[in-house]
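Below is one structure; the comments refer to it alone.
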Amino acid sequence: MKIKETPLKDCYIVEPTVFEDDRGYFFEKFNEKVFEELTGMNGHFVQDNVSKSSYGVLRGLHLQKGDHAQAKLVSCLEGKVWDVAVDLREDSPTFGKWFGIELTGENKIQLYIPRGFGHGFSVLSENAIFAYKCDNFYHKDSEGSVRYNDNDLKIDWKLNENDIILSEKDQTAPLLKEKNY
């Protein structure tokens, strides 16, 4: 497993070592001990989530706040997504900055998103199956969000605006300056 820093403080790209032959492939998706040694970050996860979405679906930007904040290790199991992390920690040197990366079932790259970050993804393939490992349990009353097209963030979601499919919740999410994080 290789760990690469992103431009955002405490946010990491996790690349597994993949062993392939004519039978298929094998890789260790995650190793808590190695992750903690390489990053100094907690790598203990308590909840796994999976979503399936079609082309144009944009989910985000979401986070859990307060005592229920979550770090996430995300990956695309099938298909292709543009994954985005936004640093919403006001005391961070990278506050308000975002990082995007293409995650696919083929490249098997994962993104570690620490607590205090907003997260979202857009689906670039016909369908995508997306997995989240979370280090804290989901708590509905601790949900936070930031609008996907906030002008203060200027995120490029790699989709034509007319192709974007949003939930009602994401359409009406607050702007960054409204501090719902």
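The values are calculated or read from the model by the stated rules, or taken from the named source; none is laboratory data. Keep in mind that what you see is a predicted model, and the values were worked out from it rather than measured. Glycine gets a Cβ as well: all are built from the backbone with ideal geometry, and neighbour counts include every protein chain shown.
Here are some notes:
- Residue match in region 117-126 (condition: under 25 Å from residue 17 (Cβ atoms), in a strand (DSSP E or B) and at pLDDT 95 or above): yes
- Some residue of region 97-106 being touching a residue at least 40 places away in the same chain (Cβ under 8 Å), touching a strand residue (DSSP E or B) at 6+ places or on another chain (Cβ under 6 Å) and hydroxyl-bearing (Ser, Thr, Tyr): no
- Any hit, region 159-181, residues being of a type outside the set (A, V, I, L, M), surrounded by 14 or more Cβ atoms within 10 Å (Cβ to Cβ) and on the phi > 0 side of the Ramachandran plot: no
- For residue 46: the one exception among (1) of a type outside the set (Asp, Glu); (2) farther than 22 Å from residue 123 by Cβ; (3) crowded, with 17+ Cβ neighbours inside 10 Å: (3)
- Residues that are modelled with pLDDT of 95 or more, touching a Ser or Thr at 6+ places or on another chain (Cβ under 9 Å) and aromatic (Phe, Trp, Tyr) within region 127-181 comprise 130, 132, 148, 157, listed in sequence order.
- Considering 60, 56, 66, 79, the condition of being small (Gly, Ala, Ser) and within 20 Å of residue 12 (Cα to Cα) is satisfied by 60 alone.
- Region 63-83, subset in contact with a helix residue (DSSP H, G or I) (Cβ under 8 Å, 6 or more places away or on another chain) and surrounded by fewer than 22 Cβ atoms within 10 Å (Cβ to Cβ), residue farthest from residue 165 (Cα to Cα): 67
- Top-ranked residue of region 1-38 - restricted to ones that are polar (S, T, N, Q) and within 21 Å of residue 115 (Cα to Cα), ranked as surrounded by the fewest Cβ atoms within 10 Å (Cβ to Cβ): 31
- Condition met for residue 150 (among the charged types (D, E, K, R) and assigned to a strand (DSSP E or B)): no
- Total residues in region 138-181, condition farther than 23 Å from residue 54 by Cβ and of a type in the set (Lys, Arg): 4
- The set of residues in region 46-68 being under 18 Å from residue 145 (Cβ atoms) and touching a Leu at 6+ places or on another chain (Cβ under 7 Å) consists of 58, 63.
- Residue match in region 40-58 (condition: farther than 19 Å from residue 131 by Cβ and part of a helix (DSSP H, G or I)): no
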